[in-house]
Amino acid sequence: MEKNINVTLKIWRQASPKVKGEFISYKMDNVPTDSSFLEMLDVLNERLLKERKEPVEFDHDCREGICGMCSLYINGHPHGKDGGTTTCQLHMRRFSNGETIVIEPFRSAAFPVIKDLRVDRSAFDKIIQSGGYVSVNTGGAQDGNAIPISKIDADEAMDAASCIGCGACVATCKNGSAMLFVAAKVSQLSLLPQGKVERAARAKAMVSKMDELGFGNCTNTGSCEAECPKSISISHIARLNREYLNAKFTD
Amino acid sequence: MAKKQDTTSVEAPIIDARIPAGPLAEKWSNYKAHQKLVNPSNKRRLDIIVIGTGLAGASAAASLAELGFNVLNFCIQDSPRRAHSIAAQGGINAAKNYQNDGDSVYRLFYDTIKGGDYRAREANVYRLAEVSNNIIDQCVAQGVPFAREYGGLLDNRSFGGAQVSRTFYAKGQTGQQLLLGAYSSLSRQIGKGAVKLYSRYEMLDVVIVDGRARGIIARNLVTGKTERFSAHAVVVGSGGYGNAFFLSTNAMTSNASAAIQIYKKGAYFANPAYAQIHPTCIPVHGEYQSKLTLMSESLRNDGRIWVPKKKEDAEAIRAGKLKPTDLKEDERDYYLERRYPAFGNLVPRDVASRAAKERCDAGFGVGNTGLAVYLDFSDSIKRHGEATIRARYGNLFQMYDKIVDENPYNTPMMIYPAIHYTMGGVWVDYELQTSIKGLFCIGEANFSDHGANRLGASALMQGLADGYFVLPYTIQNYLADQIQVPRLSTDLPEFEEADKAIKSKIEKIMKIQGDRTVDSIHRELGLVMWDFVGMGRTKEGLEHALEKIKEIRKTFWTKVYVPGQSVDMNSELEKALRVADFIEIGELMARDSLMREESCGGHFREEYQTPDGEALRNDEEFSFASCWKYNGEGEAPTLLKEPLEYEFVKRQQRNYKA
Amino acid sequence: MWLIDSSIGRKLIMSITGVFLVLFLIFHGTMNFVVLFSADAYNAIAAFLGANWYALVGTKMLAIGFVVHIIYAIYLSYQNKKARGAVGYNVTSSQKSVEWTSQNMLVLGVIVVGFMVLHLIQFWSKMQWVELSHKMGLETSGDLALATDGAYWVKHYFENPIYSILYIVWLVALWLHLTHGIWSAMQTLGTSSNIWLPRIKVISNVLSTVIILLFISIPVYFLLGFNI
């Protein structure tokens, strides 16, 4: 049943990449618990506009947990405390009356802040561009049923492929490592016969690009899996390690 | 007051879609056999701008780059992978007939034409059905993890409007997987340098030089500066205009601006009235709501839709005194199964949506607003077991639980229709070229293939068909004549002028400094659209809407408040520019709906219905695509008509009863 | 060189040196355990290892592996800190499923190394080192007779409860380090999968507990008032 709560927001404000940012507090009264977290921020922004102040910039788009655009580090967790949820799917009923909510941008050396809570995650695109694909041109593909794929492999590939590229894994990792993101793609494609042809080159290229872009070294803390809105398993990281080591040892 | 324009009384000029001659099944092959091509060394000298990185944009950009063209690809999000195609859940149709249930290219073509209420172009739809099989093959080759059966072959499910199982899917995330497939092909080309990607850029205008599209003006959303880009052709794949309704299932940044800008430069806008209301969305809950969430139509495979049979029960449920699970089988009205025995819960979207509205308007609705119906899985759970249902729809059930805080395994879901997809769009000919030479339009942004109503799992098919298999051919027929044209300088007066116009428009908005927020105006527009240009439209309502929209336009241009600087990241300014265009498209929708004095597909005029409440088409007078030509600020647009000839299919009243 | 330049290469070195150290611990722990039953037997093993060339090569490799493990740990930690970015979070919090040990391997490692130094001074310098330096003809302050009587040194130190407690603290730190270290090494070597990941975690816990029990039994034995 709907009720209203009062919360205090402590939000990171930063005008541009170069300037120093700071936390600003905002009191929010009578927030309906049925509204989503981002709708609550919409209300804050409407109020700031009424006060003729600049609204808080934050990334968001589909608001149904699939595009991966929304970020926000809420009370020490990317996408908030609930597992398996993106920020846009987080609802105010998960917070209690009188709570102070600290909202920070996703942080990592490879994700510089653009403005307020928006960060630049284009490093992820660069990793995919280095090899996160099957090299097939349009046309000329054989019949979709020509190669049977075991349901188990297809399902596991699907689990890996459900990555939305939001960057929560990097944001939460104490090492700023992008291994779960890279592993999800490498694992998906190495499980499928179509992706096996280039598996060695792909693993090498993607890991090398990941390192080049300044992501950290994975130490298997498992935070990424725990915070991943799609609950992607770190067993894919083991597969990535395997793929990479195999590739390197057969060089 | 503007003078009243009666656009239908004048005999409208006829426009030609340049459909190749010959039998239906051979048109596309014949076209490809005789079209002009560009040789590989010349391709390298030709630049193509592609707007959008959704299924259509990404697949087009990747395929064109694979062929050897230089591609400049733009998206408003931080990454091409976030385009709203990603949110499509259910699946993609193809006429593979893997299930041996009688499917064929012709049947997919026929179902699509019929589903579109006989308002689509036969030749385009046939081509779509023809290439549908290639799409599946292509996606499998890219590593899209489609659902498979234990034998390792591809699995299918059924979708609304079809009696065969032809829908391929990847859990409830088919759009995501197909988009990531296209995105990976696009990324490969970006890595090779064949595509130059511009993310966080928004196209604000197209530049026309000597009557041909030669470039665009785009705003860098990070710096706020406008930038100029020239090319030999421009392809717009910017999606639909559903967000004119404010509350829709579209993403927050989905917008109609690119389409409206090219309309203002002379591209015809076709069938704006055809907007699809999706029957299975999570109902509206509160005034702060920012968007609506769709639950995949695939749920109708196993869910049964009902409302209470007795009004008292519905009232008791609304008051919270009765739970849906308290009602016995014979106290429930499975109204879709009752009205449409042959298709049952799998009737097309427009039919299902209107039926829900009809029940709720009659007082049988549930939920605290009374604007909801039940989608019940208890029978399926009994039949297949909870584990099977969880495997099929787990992520959707979880999503529902997160939003509504109710567990759909125990209690029926509540659903209500919401605006979802727009069949109308920029008019294109058979080659997907707009009425401006060198300007192409693909995917949901164009109007081409769905007629007055789109069948489920056909949007993904059309987006990818356009991008992978149609445009890369047809655009060459145009570019073959352009190989002598050098790269144009962006210092040309046409670029200068377009850039200046955009800058002054931005400055104009920045200077208003009124007291209305962009969202409050957008919300106001959305309410007018939903109430009067929504599921049930009337002459009076539409005339009222036109008046209202005029007022909203005035409010916008005198009272909107945009803070900050224009040359900075400024999301309020981005939204303001988009809302200005939503107002334009809203007006165009109302105008088109008023002109079309019939009911068909996603356009339902209450004056035109059969005695039992079904859509009543008027093939005599309205068998045409209405194409609107812009006449300048404050002027009514001119109506042009593309007649729809049905050479191969006999038109009938759609019947999903038997 | 990919073992230095690539993150997975660096992790491979961490894992292999780690696995090597674990093997050493199994051996060392088993050997120690013997002292509880027979001081003579313990001394006999120590004497065998005392100064034969195999043992020396083993010791040298062990030392190198250990140093590499530490250098890589420092290098990885430095890189990881840099990857985190200049501005830190105001609030951080971990999900329940994230092991505390996994987030604090460096801290645990530093504790382990600190005690290691104590241990080397107390035992190794008085046993193998004295013998070695004697054989090489170096001046040594140690007593050659006592160098062959490891059991004496065990008794000497552990009779003091402060040392026993210090060793227990050290071993607990080592235990925590191992519970994460063993499965983490397996994960890095790519041996885990959806099915094997939980199994490896269990194996990791069991193995590290067995190793530590072997070691910890000695100070606990003394603390309980027994003597050898």
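At-a-glance table
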item: Order by protection proxy (mean Cβ within 10 Å, highest first), peptides B:505-518, B:325-338; result: B:505-518, B:325-338
item: Amide H within-cut-off set for residue A:77, under 5 Å, with H built and near neighbours excluded; result: none
item: Prolate/oblate/rounded label for the protein assembly as shown (Cα gyration tensor, a/c 1.5); result: prolate
item: Charge dipole magnitude, Cβ of K and R +1, D and E -1 - the stretch B:515-658, Cα centre, debye nearest 20; result: 160
item: Chain B, relative contact order in percent, only Cα pairs under 8 angstrom and at least six apart counted; result: 21
item: Anisotropy class of the stretch B:279-419 from Cα gyration tensor, a/c 1.5 cut; result: rounded
item: Exposure proxy order (Cβ contacts within 10 Å, fewest to most) of B:603, C:28; result: C:28, B:603
item: Size of electric dipole in chain B: Cβ of Lys, Arg +1 and of Asp, Glu -1, about Cα centre, debye, nearest 20; result: 1160
item: Cα long-axis angle, helix C:105-122 against chain C (0 to 90 degrees, to the nearest 10); result: 10
item: Where labels lie 7 Å past Cα in the beta-carbon direction, separation of residue B:653 and residue B:492 in nm; result: 5.4
item: Hypothetical label at residue B:568: residues of the stretch A:34-54 whose amide nitrogen lies under 15 Å (7 Å Cα-Cβ projection); result: A:49, A:52-54
item: Largest-first principal axis extents, alpha carbons of the stretch B:493-643, Å; result: 57, 36, 23
item: 10 Å Cβ neighbours from other chains, averaged over peptide B:398-409; result: 3
item: Helical mean residue ellipticity (222 nm; -39500 (n - 2.57) per DSSP H run of 4+; nearest 500) of chain B; result: -11000 deg cm²/dmol
item: Positive-end extreme of charge dipole, chain C - chosen from C:112, C:28, C:188 (charges on Cβ); result: C:188
item: Helix-only mean residue ellipticity at 222 nm for chain A, each DSSP H run of n ≥ 4 adding -39500 (n - 2.57), per residue, nearest 500; result: -10500 deg cm²/dmol
item: Spacing of the two label points (7 Å from each Cα toward its C-beta) at residue A:46 and residue B:44, in nm; result: 5.7
item: Three-way shape label, the stretch B:114-163, alpha-carbon gyration tensor, a/c 1.5; result: oblate
item: At R0 = 25 Å, FRET efficiency that the Cβ-Cβ distance of residue B:220 and residue B:559 yields, to 0.05; result: 0.35
item: Ranked list, fewest to most other Cβ atoms within 10 Å of each Cβ, for B:435, B:104; result: B:104, B:435
item: Label-reachable residues, the stretch C:159-175, where backbone N falls under 17 Å from a point 7 Å from residue C:110's Cα toward its Cβ; result: C:170, C:173-174
item: Average partner coverage of C:190-202, which counts Cβ from other chains inside 10 Å; result: 4
item: Net charge, residue A:11 excluded, C-beta distance under 9 Å - Lys, Arg +1, Asp, Glu -1; result: 0
item: Order of C:202, B:125 - criterion: other Cβ atoms within 10 Å of each residue's Cβ, fewest first; result: C:202, B:125
item: Mean residue ellipticity (222 nm) of chain C, computed from DSSP H runs ≥ 4 via -39,500 (n - 2.57), nearest 500; result: -25500 deg cm²/dmol
item: In degrees, nearest ten, helix B:55-67 long axis to first principal axis of chain B (Cα); result: 40
item: Neighbouring partner chain Cβ atoms per residue of A:202-209, average, 10 Å criterion; result: 2
item: Residue-count net charge about residue B:197 - beta-carbon cut-off 15 Å; Lys, Arg +1, Asp, Glu -1; result: +2
item: Rounded FRET efficiency, nearest 0.05, which uses the C-beta distance separating residue A:10 from residue C:224 and R0 of 56 Å; result: 0.60
item: Net dipole in debye of the protein assembly as shown [+1 Lys, Arg Cβ; -1 Asp, Glu Cβ; about Cα centre; nearest 20]; result: 1640
item: Förster radius 56 Å - calculated FRET efficiency between residue B:386 and residue C:81 (Cβ-Cβ, nearest 0.05); result: 0.75
item: Distance-filtered residues of the stretch C:52-76 - backbone nitrogen under 17 Å, label point 7 angstrom along residue C:163 Cα→Cβ; result: none
item: Positive-end residue of A:97, A:5, A:76, charge dipole of the stretch A:4-114 with Cβ unit charges; result: A:76
item: With Cα atoms, 0 to 90° folded angle of helix C:7-34 axis to chain C main axis; result: 30
item: Positive dipole terminus of the stretch B:379-459, leading residue within B:408, B:457, B:384 (C-beta point charges); result: B:384
item: Net charge, residue A:151 excluded, C-beta distance under 10 Å - Lys, Arg +1, Asp, Glu -1; result: -4
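A short reminder: the numbers here are calculations on the coordinates, not readings from a lab. Note that the structure is a prediction, hence the values are computed from the model and not measured. Cβ: placed from backbone, ideal geometry, glycine included. Neighbour counts: every protein chain shown.
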